[in-house]
1. Where in region B:33-147 are the helices (runs of 4 or more DSSP H), entirely inside, with at least 1 residues that are surrounded by 19 or more Cβ atoms within 10 Å (Cβ to Cβ) and away from every other protein chain (no Cβ under 14 Å)?
2. So residue A:320 passes all but one of these: (1) more than 14 Å from chain B (Cβ to nearest Cβ); (2) closer than 27 Å to residue A:230 by Cβ; (3) in contact (Cβ under 8 Å) with a residue 12 or more places away in the chain. Which condition number does it fail?
3. Residues that are aliphatic (A, V, I, L, M), modelled with pLDDT under 85 and not in a helix (DSSP H, G or I): does region A:541-551 have at least one?
4. Condition test on residue B:215, is it touching a Lys or Arg at 6+ places or on another chain (Cβ under 7 Å), at pLDDT 85 or above and among the aliphatic types (A, V, I, L, M)?
5. Which condition breaks for residue A:374 when tested against (1) within 14 Å of chain B (Cβ to nearest Cβ); (2) within 25 Å of residue A:337 (Cβ to Cβ)?
6. Does region B:299-306 contain at least one residue that is under 15 Å from residue B:137 (Cα atoms) and in contact with a Phe, Trp or Tyr (Cβ under 6 Å, 6 or more places away or on another chain)?
7. Yes or no: residue A:235 within 23 Å of residue A:258 (Cβ to Cβ) and outside any loop (DSSP other than H, G, I, E, B)?
Amino acid sequence: MEALKNFFKNFFNYENDDKLYHFEIPETQEEKDAFDNSNGSSGNNSNSSNLTGSQDQQDSKTKSEPTNVFPSLNINLEFMKAKYNTSINSDIVIREFTLTARNKQFSAFLMYIDGMVDSKMINDFVLQPLMLKNRANLFDGEQSKVVSEAVTNNITVRKVKRFDLVDYIFNSLMPQNSVEKVNKFEEVCIGINAGNCVLFIDTIPTVFNIEVKGFKQRSVEKPENEMVIRGSQEGFTEVIRTNTSLIRKCINNENLIIESTNVGKLSRTPCAICYINGIANDALVNEVKNRVNNLDIDYLTSSGQLEQLIEDNGNISLPQLIATERPDKASNFLMEGRVVIIVNGSPYSLVAPATFMDFITSPEDTNLKYQFANMLKILRVLAVFIALLLPGFYIAITSFHQELIPTELLFSIVASRESVPFPILFEILMMEISFELIREAGLRAPSTIGPTVGIIGAIIIGQAAVDANLVSPLLIIIIAITGLASFAITDFSFSFYCRLLRFVYILLGYFMGFLGICIGLFVQLLIICNLKSFGAPYLQPYVPVTTNYRGLLFSPAWKRENRADFLNVKRQKRQGKISMKWKNSNNVDNGG
Amino acid sequence: MDLYKVGKIEAIALVVIVMLNHLVLNLPKIFFNTAGCAAWINAIFVFAIALIFLFIILKLFKNFNGMDILDVSYFVGGNTLKNIIGFLFIAFFMLIASALLRDFSRSLNIIYFRNIPIYLVIIVFLLVALLANRIGSNVIIKTTTIITTIVLINLGVTFFLTAPQFEFNNIFPILGKGAKEIFLSGSTNIFAFSGFCVLYFIMPMLKSSKEFNKIAIWSIVISGIYLVFCILSLLLSFSYVVDAYDLSPMYLIIRTTQFGKFLQRPESLFMFFWILSLMSYVSICIMFSCNIFQKITNTRKSQVMAYFFTSLLYFGALIPRNISQFKFIEDVIYKYFSIILIFFISMGILILANLKYHRKNMKLEGRKLNEK
């Protein structure tokens, strides 16, 4: 009977299997030990300990590691194998071979990361000269070289330089333009991680760090997000050296300094700090260097990440550094006395300091006549206000200040809203969120269907929403104009800032009308007035008022005589009082 | 509170904004009540007196470069006088800010927020001002510079918009309520230039104290021009009997203007900028009160006092129970308090300070002569 009962009980009742696989990332050493005990010791214990061990353990391990390269090749080989986990790391290549120098043979090995080096270069310019038995390495001449000889009182005094294998290999067997002799394991690892190959030779406690980088990289292409009509069509790439060369191409001056630094304890991402010696303020340069070099982070992958780490106030959503993918724009800023930061792996460089006016200036402006540029700038300022305030104003006017609307228009608005069942706040938020969704979907969708998403979203959904009496037609116009205005803002981050704050203004406008919007504007003004980017007030040159700098409007090209006042540059004048000397026939230099 | 060094334009903005706010609200009404349709003559007369007064002040301040009225009071009467003057000015700032805040909030309450209690409207302004003071005085000054510019443009546009409806017959009879009212009783309208109170404190805040003269002259001239233009445009637009309405005359005049067929009632747009202006004004009053308090008590950080002064302003703004009490505060207490404090007490201290200064100098010279 009991058996029958159990049978039915088991038949209908489902019991969880208590031995279900359960995994949590262990946080402490105790947790890790418990996890190891429960799962049994794994084969990759030594590897996982590197990641899960406490910081102290890692530090003590690092301290116990040897720092200098050993003379014994085997020890070096074993150490490097352990260091790079070659048993599980598939792209680490170690090529052992026999090196011939002065007709003697030495055991050696090359080490590099596959995919980061140029294999042809290694074959032709590293392995061939070292391995092949040619005249250079078979020659067994004098072991010591006489540097100078002098005869005094029939005594010959010779100054002899002893034969040094390291020098010999470096000078005679390495037909490479960039080879470095290192003797510390840390430097060896940096070289390998950077895409170089390293050469270990038996009996020599020196390693040759040979530059054979050969990454697969994108070629210099058009900038994707900062397009201009008359300007340069080159954009930064992901490779730092290509980017620095692009800047060098724009600024043909030896005073352009490009200082290299590495950010990230683990990633050691190469970064470059560029400025023009003799123009940029030393304090500004030092401040940038100070911030970039004092980042206690494990890894850095993009300039966007770096921007957030070095900006003055991280809690304010306003962009505080200019991000540009245009070498000509970066060069212009450098010539003005600012500092440019380039991060390897990111096609955007950062410019410090940044002011509000920079975010409504397009790189196209310098290529246009000042009248056209000014018209566009005014349009962009208008776009900023529309993108920020238009929906908030609409909601405030329709809820509190109806007298502003002409009577006929008011009737039409009332009539169009008559069939809409929702309150205006819901209506406007719904449309704004829909618009943001369409924008986000259009950006994330594959490029072939991205535009289609936008069209479907904008036309079909908008029209359908009006037909279904979900929103009023006027609101569609308001949202569309706001969207267009936000696209007209040149800087992506600044546009984002406007999009975000728009929602705040919608709420303020709904609850308190113009009073609410005024509160928002006043607080926003307070924040912006308080903001500084690398020591430069954000609202320069208007607050505090300074001279010698273009504000909202451009002056004619011949009148732009001075550099920005707030940058306190070393060289204030950027062109002569009368730059167009050809106008004065007496001053003309005929080039003869 | 760390003292932020202000430039020329920022300093001018600080002085001008004090006058502009009163101009937007109740100042023209007081001029009309005094001189009738000759209010514009009264405004010019007061402007002239203010200029004379300004030159006297500049002359008196000449020997006290880089000092404010508190330092001068200390020089004259030591800590006692300094403290008395300090507390009087704090009371003055609290009074003018609370009166204006109450007046403006009442207008907003009548026009837009009939269902919302006035104390909530006042709280909104005070919270913003408190936030501004917590952020810092430099930010308030910078923000004021922007807002003053906007309000000046805004009032300039008002003159142009009202121009088509000017009726020049409105200025007749040319002497309005009579010469005695214009030039004798009307002289008390000098209180319109209450921006002088900022001038008394701005000297140590300046980047260059040599600019003080320029700043003072420019700010009073701008204030005076706007005062005269405002009163003229009001007078020419409609009869001076505007007291029938319980709203700001500037609001009423904007209400009658049209901008083509599309903008027939643009007053809300102007109100928008005036709200910003008032926020800035209240922040400035709290900022100066904190600064004065810091100076007389030698406290290191007076920003915490912003909470106290904000609360004081709140209760001060709620004190008047009805319009008659409120009018009494605005038309009598504020008017005569500002005249006595700004134009008599402060001036008296400056004169005494100069006398003391010269006497000291003479003594020193006498000693030198004796030594020789």
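The values are calculated or read from the model by the stated rules, or taken from the named source; none is laboratory data. This one's a predicted model, so the numbers in the text were calculated from it and none came from an experiment. Because the Cβ atoms are built from the backbone with ideal geometry, glycine has one as well, and the counts that use them run over all protein chains shown.
1. B:39-61, B:69-111
2. Checking residue A:320 against (1) more than 14 Å from chain B (Cβ to nearest Cβ); (2) closer than 27 Å to residue A:230 by Cβ; (3) in contact (Cβ under 8 Å) with a residue 12 or more places away in the chain, the one that fails is (2).
3. There is at least one residue in region A:541-551 that is aliphatic (A, V, I, L, M), modelled with pLDDT under 85 and not in a helix (DSSP H, G or I).
4. Judged against the criteria, residue B:215 is a match.
5. Just one mismatch for residue A:374, condition (1).
6. Within region B:299-306, one or more residues are under 15 Å from residue B:137 (Cα atoms) and in contact with a Phe, Trp or Tyr (Cβ under 6 Å, 6 or more places away or on another chain).
7. No.
Each row is one residue, and each column tells you yes or no for (1) surrounded by 14 or more Cβ atoms within 10 Å (Cβ to Cβ); (2) over 25 Å from residue B:256 (Cβ atoms).
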{"residue": "A:394", "(1), (2)": "yes, yes"}
{"residue": "A:402", "(1), (2)": "yes, no"}
{"residue": "A:408", "(1), (2)": "no, no"}
{"residue": "A:411", "(1), (2)": "no, no"}
{"residue": "A:416", "(1), (2)": "yes, yes"}
{"residue": "A:435", "(1), (2)": "yes, yes"}
{"residue": "A:446", "(1), (2)": "no, yes"}
{"residue": "A:451", "(1), (2)": "no, yes"}
